[in-house]
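The values are calculated or read from the model by the stated rules, or taken from the named source; none is laboratory data. What you see is a predicted model, and the numbers here were worked out from it, not measured in a lab. Positions of Cβ are generated from backbone atoms using ideal geometry, with glycine treated the same way; all protein chains shown enter the neighbour counts.
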Amino acid sequence: MSSTTQTTPMAPIPLSRKPSGRADPGARTACIRTFGCQMNVHDSDRIRRMIQDAGYAEVQRYEDADLVILNTCYVRENAVDRVKGHLGELNRLRREGRVKKVALTGCIGAAEESATLQQTYDIDLVLGTHNTYELAEFVGLPTMQETYTPELPGTEGGHNAFVTIMTGCNYQCSYCIVPAVRGRMICRPMGSVIGEVENLVAGGAGYITLLGQTVDAWRHEGKRFCDLLEAVAESAPRVWFTTSHPSNMEDRTLRAIGEQDTIVKRLHLPVQSGSDRMLKVMHRGYKAERYRRKIEVFREAAPDGTLSTDIIVGHPGETEEDHEQTLRLVEDCAFDSAYIFKFSPRRGTEAAQLPGTVPDAVVQRRFLEVLRQVEQNAFARNQRKVGGVEEIYIRHGSTEDGKAIGETWSGHAVHVETNIAPGAYVKAKIESAGPHVLYAGEPLE
Ligand code: SAM
Ligand code: SF4
């Protein structure tokens with residue numbers, strides 16, 4: 001787990017149908033690039049199934065692709081800059097005749113700016129987040145049965161699987177473009193979620209991650225998120241969920257994390273700021289004290305568990321006193337990791353119009369101060385794991401240095417010296433720890 005600048009919390013999940021990197025001679029080829037959060041990774045998985053059904057072979061390099069699909073993120077400006085860089089490169093490859101068609105999907109596709117991008121760059125198809133199914137027609141599928149609804153199944157098979165339980169968001173945080181590009185919340189029926197989880201588990205999935213922008217806001221026909229989580233935890237051998245909103249997080253959910261053996265004891269609960277004044281400006285709907293109380297409940301329920309958060313530094317109007325309060329909250333909550341973002345103005349959001357821009361140099365200093373505070377706490381907490389023996393779920397197979405990447409039940413990321421395949425559990429002793437990761441020796445059995 002990491003403290004980082006501009007990355008959205010993202011557990012890297014291997015995809016069920018891995019691209020081979022080589023296509024049959026004569027087959028049409030497509031290359032998918034994904035930018036942004038788990039929601040986008042999951043959407044890319046659906047896109048992958050569509051193009052494979054249409055007879056495309058997936059390739060890794062643009063120059064090998066007849067069709068390139070950029071599945072994009074719009075949350076911060078630097079995500080858009082990255083996509084522009086890729087579009088420039090694709091224009092060049094098209095001029096050389098090495099790429100035939102380009103499609104832009106995802107959150108940029110749903111934003112007004114996509115029209116300008118389509119004019120500036122040579123893009124054949126632009127799709128938002130609600131009409132991804134139109135890609136089917138574009139790639140030559142005769143009819144498209146499935147529309148983009150939360151019912152559309154995600155990854156099949158594989159050891160780790162995402163399951164979308166809700167889409168969109170009903171909040172209106174001052175800085176955030178998500179409600180504009182993803183729409184209002186739609187919750188998927190419980191039976192449909194459980195059905196998909198059971199199918200995935202029967203197909204070999206050992207780790208289910210429930211997904212949504214405000215996953216804990218899920219409710220359907222009198223049931224609330226905790227009911228759904230408990231039911232999923234009965235059906236799956238290992239379960240996690242992201243992203244939660246503090247206003248929706250119920251104490252009973254926090255207690256369930258501690259009590260249910262199959263739930264990973266890891267909570268991602270974005271706080272954004274430690275200052276009540278800023279939380280009000282951001283329309284977050286809670287005060288810092290209420291957030292602290294939630295964390296107390298979590299720590300009591302899962303004392304060994306891991307806690308991560310999102311923090312924005314430099315939101316318009318953020319004063320030195322507001323920043324001090326954020327530092328104090330970071331210290332009090334002792335996060336195991338945090339995703340720290342520099343405020344990025346998004347056209348169409350309230351914060352983009354607000355006075356009180358914080359100078360870049362001040363934003364940078366505050367960013368580093370928050371980062372340092374998070375890393376100090378995380379390092380100290382990780383040190384406490386050294387010497388212990390942990391049961392570790394292997395998420396990714398061994399890398400060039402012979403280390404696999406796994407996760408403890410407490411939600412700590414661990415590098416383990418093993419070649420064992422992903423999806424397996426091993427027991428190993430934690431030999432050392434850094435601020436972001438634990439290091440284990442060879443498995444004991
Ligand atoms: N729904 C989640 C929540 O409310 O916590 C977060 C979803 S958002 C895609 C992920 C994170 O990006 C947010 O928690 C926030 O910290 C950050 N973010 C969103 N808009 C931003 C902006 N305009 N500038 C900087 N960070 C931003
Ligand atoms: Fe954006 Fe706020 Fe909704 Fe999260 S809760 S997606 S930050 S509007």
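With the condition being modelled with pLDDT of 90 or more and charged (D, E, K, R), I'd like the helices (runs of 4 or more DSSP H) fully within the stretch 1-120 carrying at least 2 qualifying residues.
Details: elements: 38-53, 77-95, 107-110, 113-120.
Helices (runs of 4 or more DSSP H) meeting the threshold: 77-95.
Among (1) within 16 Å of ligand 1 (Cβ to nearest atom); (2) among the polar types (S, T, N, Q); (3) more than 21 Å from the chain's Cα centre (by Cα), there is one condition Gln260 misses while meeting the rest; what is its number?
Every listed condition holds for Gln260 apart from (1).
Can Thr242 be described as within 15 Å of ligand 1 (Cβ to nearest atom), farther than 20 Å from Ala288 by Cα and touching a residue at least 12 places away in the same chain (Cβ under 8 Å)? Explain how you work it out, then say what you get.
Numbers: within 15 Å of ligand 1 (Cβ to nearest atom): yes; farther than 20 Å from Ala288 by Cα: yes; touching a residue at least 12 places away in the same chain (Cβ under 8 Å): yes.
Yes: the conditions hold for Thr242.
Quick one: what pairs do we get from the stretch 168-188, first residue on the phi > 0 side of the Ramachandran plot, second near ligand 2 (Cβ under 9 Å from one of its atoms) and polar (S, T, N, Q), C-beta under 7 Å, 6+ apart or different chains?
Gly168/Gln213
Counting only residues that are touching a Leu at 6+ places or on another chain (Cβ under 7 Å) and within 19 Å of Thr309 (Cβ to Cβ), which one in the stretch 243-262 is farthest from ligand 2 (Cβ to nearest atom)? I'd like the intermediate steps shown before the answer.
In the first step, residues of the stretch 243-262 are kept if they are touching a Leu at 6+ places or on another chain (Cβ under 7 Å); the result is 244, 246, 249, 253, 256-257.
Among the residues that remain, those that are also within 19 Å of Thr309 (Cβ to Cβ) are: 244, 246, 249, 253, 257.
On the way: Ser244: 10, Pro246: 10, Met249: 12, Thr253: 17, Ile257: 20 Å.
Once the filter is applied, the top-ranked residue is Ile257.
For residues that are of a type in the set (Ser, Thr, Tyr) and modelled with pLDDT of 95 or more, scanning just the stretch 162-184, find the one that is nearest to ligand 2 (Cβ to nearest atom). Lay out the reasoning, then the answer.
We begin by selecting, within the stretch 162-184, every residue of a type in the set (Ser, Thr, Tyr); these are 164, 167, 171, 174-175.
Those left that are additionally modelled with pLDDT of 95 or more: 171, 174-175.
Details: Tyr171: 4, Ser174: 9, Tyr175: 7 Å.
Result: Tyr171.
Could you list, in sequence order, all residues of the stretch 357-392 that are over 15 Å from Glu318 (Cα atoms), aliphatic (A, V, I, L, M) and surrounded by fewer than 17 Cβ atoms within 10 Å (Cβ to Cβ)? Don't jump to the end; show me each part of the working.
From the stretch 357-392, those over 15 Å from Glu318 (Cα atoms) are 368, 371-392; that's our starting set.
Now restrict to residues that are aliphatic (A, V, I, L, M): 368, 371, 374, 378, 380, 386, 389, 392.
Scanning the stretch 357-392 gives Leu368, Ala380, Val386, Val389.
Being within 16 Å of ligand 2 (Cβ to nearest atom) and more than 21 Å from the chain's Cα centre (by Cα) narrows it down to one residue among Thr319, Thr349; which is it?
Numbers: Thr319 fails: within 16 Å of ligand 2 (Cβ to nearest atom).
Checking each option against the conditions leaves just Thr349.
Quick one: is Thr164 of a type in the set (Ser, Thr, Tyr) and within 11 Å of ligand 1 (Cβ to nearest atom)? Spell out the reasoning first.
On the way: of a type in the set (Ser, Thr, Tyr): yes; within 11 Å of ligand 1 (Cβ to nearest atom): no.
For Thr164, the condition - of a type in the set (Ser, Thr, Tyr) and within 11 Å of ligand 1 (Cβ to nearest atom) - is not met.
Is it the case, given these coordinates, that Cys187 is within 14 Å of ligand 2 (Cβ to nearest atom), touching a His at 6+ places or on another chain (Cβ under 6 Å) and either of a type outside the set (Ser, Thr, Tyr) or within 29 Å of Gly423 (Cβ to Cβ) (or both)? Give the derivation first.
Working: within 14 Å of ligand 2 (Cβ to nearest atom): no; touching a His at 6+ places or on another chain (Cβ under 6 Å): yes; either of a type outside the set (Ser, Thr, Tyr) or within 29 Å of Gly423 (Cβ to Cβ) (or both): yes.
Criteria not met by Cys187.
Name the strands (runs of 3 or more DSSP E) wholly within the stretch 350-445 that hold at least 3 residues that are over 27 Å from Gly204 (Cα atoms)? Before the answer, list the steps.
Numbers: elements: 389-396, 403-408, 413-417, 425-433, 438-440.
In the stretch 350-445, the matching strands (runs of 3 or more DSSP E) lie at 425-433.
Taking the residues in the stretch 183-208 that are surrounded by 21 or more Cβ atoms within 10 Å (Cβ to Cβ) and either polar (S, T, N, Q) or outside any strand (DSSP E or B) (or both) as candidates, determine which candidate is nearest to ligand 1 (Cβ to nearest atom).
Arg188
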